[in-house]
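Structure first, commentary second.
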Amino acid sequence: MSSKKITEKKKEKTEGEEKFVGEELRPSKWDDYIGQKAIKENLRILLQAAEERGVPPEHILFYGPPGLGKTTLAHLISKTTGRAMKITSGPALEKVGDLASILTNLTPGDILFIDEIHRLNKTIEEVLYPAMESGSLDIIIGKGPSARTIQLELPPFTLLAATTRVAMISSPLRSRFSGGVFRLEFYTDEEIEKIIKRSAKILGVETDGTAEKEISKRSRFTPRTANYFLKRARDYAQVHKKTLDKETVEESLKLLGIDDIGLSPSDRKLLETMAHKFNGGPVGLGTLAAALSEEEATIEEFNEPYLIQMGMIERTPRGRTLSETAYHHLGLKLPKNLQRKLL
Ligand code: ADE
């Protein structure tokens, strides 16, 4: 099997060894994982109960917009339970044999993490059902009348999975996550500031308190974005020999095209297209995607969650509509139909 399909968790790194980019900021203790209080509490009970009974934790699905810490939670579960984790993803599993080989090579009690599980193909998904439910692998050998099924018993394992598109997960698959289906929420400004402070400390950058607030304001309530902006602002401060303060953050993020509420050039293009080409909507996702030369999934996964959270756009049965807030943010005059509605 190609090494692309599965990544074994590496053993602890020795001091001084470079970590993968991004990995250095990943919390390795529950106390360092900020926010998502309800999920953490549920997981604590689930993991402790399984440990006390001496069985692997049940299968768990995490869902929510990108960058909220789904993979981070999987790593934390692996680290804190001392269970090795094999990592793969929906699109990496091309054939039933890929999944069969991973499952049969697990050591009893291991965790299998499948990222982007919504992209798993149907045939493979159906092989996963009995594996999740009764720890058995049903494999069809041969074709036509001579085809027969053999059943292999698998080592006990825990499946952790993550998706940004929970609606694309079939209900038979969803119902087999007997440990729970958890939705990650956007973070509060205070939580994001805490995450930035912790990351700055790990990166060894000095901040003055105003920098964290400025980064947080633009972070889309998302830790991954916050950490990315922190690193870019650090680079900018280093190259310009400046301290990392409010002004440096403003300058560095402006250079990246990020505005004062964290909208990217692609977000603004989407809003402007809705305003100028579709008179504020309603406009269907397909039409909007075609007008932007963008994939529908990209708009749904990357642009819309934050734009909806900020009240910039609304999803209605007739399509997407632009809100009054969006017109104000873009500095555009409200169209006549919206003005009348407000009177
Ligand atoms: N990185 C990603 N998610 C995080 C969280 N919730 N707390 C701290 N660091 C994180």
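The test for being hydroxyl-bearing (Ser, Thr, Tyr), in the same structural domain as Phe62 (by TED's automatic domain parsing) and not in a strand (DSSP E or B) does not hold for Thr149.
When the range 185-212 is filtered for residues that are in a loop (DSSP other than H, G, I, E, B) and either surrounded by fewer than 16 Cβ atoms within 10 Å (Cβ to Cβ) or acidic (Asp, Glu) (or both), the ones remaining, listed by number, are Glu185, Thr188, Gly204, Glu206, Asp208, Gly209. Residue count for the range 44-87 satisfying the condition of being within 16 Å of the ligand (Cβ to nearest atom) and touching a residue at least 24 places away in the same chain (Cβ under 8 Å): 19. Glu301 meets each of the listed conditions (1) under 23 Å from the mean Cα position of the chain (by Cα); (2) at pLDDT 95 or above apart from (2).
The set of residues in the range 261-274 that are open to solvent by 10 Å² or more (accessible area, probe 1.4 Å) and in a helix (DSSP H, G or I) comprises Pro265, Ser266, Arg268, Lys269, Glu272, Thr273. Of all the criteria given as (1) touching a residue at least 12 places away in the same chain (Cβ under 8 Å); (2) not assigned by TED's automatic domain parsing to the domain that holds Gln309, the one not satisfied by Gly209 is (1).
Does Thr222 fit the bill of being modelled with pLDDT under 95 and crowded, with 17+ Cβ neighbours inside 10 Å? Here the answer is no, as Thr222 does not meet what is asked.
The C-beta contact set for the range 130-150 (first residue surrounded by fewer than 10 Cβ atoms within 10 Å (Cβ to Cβ), second residue not in a strand (DSSP E or B), distance under 8 angstrom, 6+ apart or interchain) comprises Ile141/Ala147; Arg148/Gly142. Provide a single number: the residues in the range 315-343 that are closer than 18 Å to Arg220 by Cβ and either of a type in the set (A, V, I, L, M, F, W, C) or in contact with a Lys or Arg (Cβ under 7 Å, 6 or more places away or on another chain) (or both). Qualifying residue count for the region: 2.
The values are calculated or read from the model by the stated rules, or taken from the named source; none is laboratory data. Note that the coordinates shown come from a computational prediction; the quantities given were computed from them, not determined experimentally. All Cβ positions, even for glycine, are placed from backbone atoms using ideal geometry, and neighbour counts span all protein chains on display. Surface areas here come from the heavy atoms of the whole protein model, side chains and all, with no ligands, DNA or RNA. Shrake-Rupley method; radii C 1.70, N 1.55, O 1.52, S 1.80 Å.
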